[in-house]
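One structure is given below, encoded as structure tokens.
The values are calculated or read from the model by the stated rules, or taken from the named source; none is laboratory data. Computed from a predicted structure; not experimentally measured. Virtual Cβ from ideal backbone geometry, glycine too; neighbours counted across all protein chains shown.
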Amino acid sequence: MNKTDLTNLSLSQLTEFLVKLGLPKYRGIQVFAWLYRPHVTDFSQMTDLSKDLRDTLAAQASFDWPHIAEIEHAKDGTAKYGFKLKDDNYIEAVLIPEEDRKTLCISTQVGCAMACEFCLTGSIGFKRNLTPGEIVGQVVRVRDWLLDRNETTAGLNNLVFMGMGEPLANFDNLLVALDILIEQRGLDFSERRITVSTCGLVPKIIELGQKTKVNLAISLHSVDDSVRSKLMPINNKYPLAILLEACRNFPMPKRKRIMFEYILIKDINDSEADAEMLAQKLKGIPCKINLLPYNESESLPFRRPSHETIERFQQTLWNAGYTVLVRSSRGADISAACGQLAGKIIS
Ligand code: SF4
């Protein structure tokens, strides 16, 4: 008999499952809360459930988190976790410690179908979507790993969906995972501290805004359609005008802003004219801009611009009144930086 994997169920779905087994509704909250307590890996640990109930659960259901198969540590404190999935596929998550918080960057797919030119994940192609449990499991396992080492998890309150895969291409599972992550009796993350990044799947952008309150990040990288289409094939389907219109219509409370990610690549999108065009095109959209100087990799031909070019680009955007950060590359020495996740540590 196929057991139901409880890690794939939101609180309401889990409750429904238990009700179908003839159990009262309140058991849903009880079992759900157990699943997300640190280091719980077996029904026998759920000590306030009767032995009969635990046996029933063990007969009908399972809950397995992905295993951390390997960890690499960068000089700057960034850690990259390679997870082994049940079907032997691998995914990666990256923990970025900062002074006052820890940010975990997690994956939503094995590989990615979007084929962005500058991205190593894109270069390995798409294998499959992650289940909700595999998405949430990255958080559960890293939290437990930190606890095992007596490291505080108090600062682990920032999540970014910027690892392997395009989150909005795995939309249904993303929504269930978000449900579990923000549920108080689950992992209790604040939606304000979760950012979902997309390369521009326009129809799902608005739906994300309607169904959640998480932050939106757009991988923009150029506001010239011909350049962007070369860098990011999705632009052929949803060109800039349509993408930026979706951003203008993204449901957001006041003071909230969309984050535009812009990888600066030498001689591709880093000119003064590019900066001016970017300032022009984003007019009227409440936003912040993150400039990410390209992380060079042996297997891709792109290069990083000089410091002067990066500074000039930033200055042009500042002059136009934008909030602009140049994001330092974290974990580049272990291929954990933006666009570098490709299952390398495992292979
Ligand atoms: S940048 Fe994101 S969307 Fe593009 S190929 Fe890489 S993982 Fe996929």
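Going by the structure shown, is Pro253 under 15 Å from Gly209 (Cβ atoms) and either at pLDDT below 95 or out of contact with any Cys (no Cβ under 7 Å at 6 or more places or on another chain) (or both)? Yes; evaluated as a whole, the condition is true for this residue. Reported count of residues in segment 84-116, each being crowded, with 17+ Cβ neighbours inside 10 Å and within 16 Å of the ligand (Cβ to nearest atom), is 16. In this structure, Phe302 qualifies as touching a Phe, Trp or Tyr at 6+ places or on another chain (Cβ under 9 Å), hydrophobic (A, V, I, L, M, F, W, C), more than 30 Å from Pro251 (Cβ to Cβ) and at pLDDT below 95.
All told, Ser123 falls short of being near the ligand (Cβ under 9 Å from one of its atoms), farther than 21 Å from Ser328 by Cβ and modelled with pLDDT of 95 or more.
Are any of the residues in segment 306-316 modelled with pLDDT of 95 or more, out of contact with any strand residue (DSSP E or B) (no Cβ under 8 Å at 6 or more places or on another chain) and within 20 Å of Ser226 (Cα to Cα)? Among the residues of segment 306-316, not one is modelled with pLDDT of 95 or more, out of contact with any strand residue (DSSP E or B) (no Cβ under 8 Å at 6 or more places or on another chain) and within 20 Å of Ser226 (Cα to Cα), which makes the answer no.
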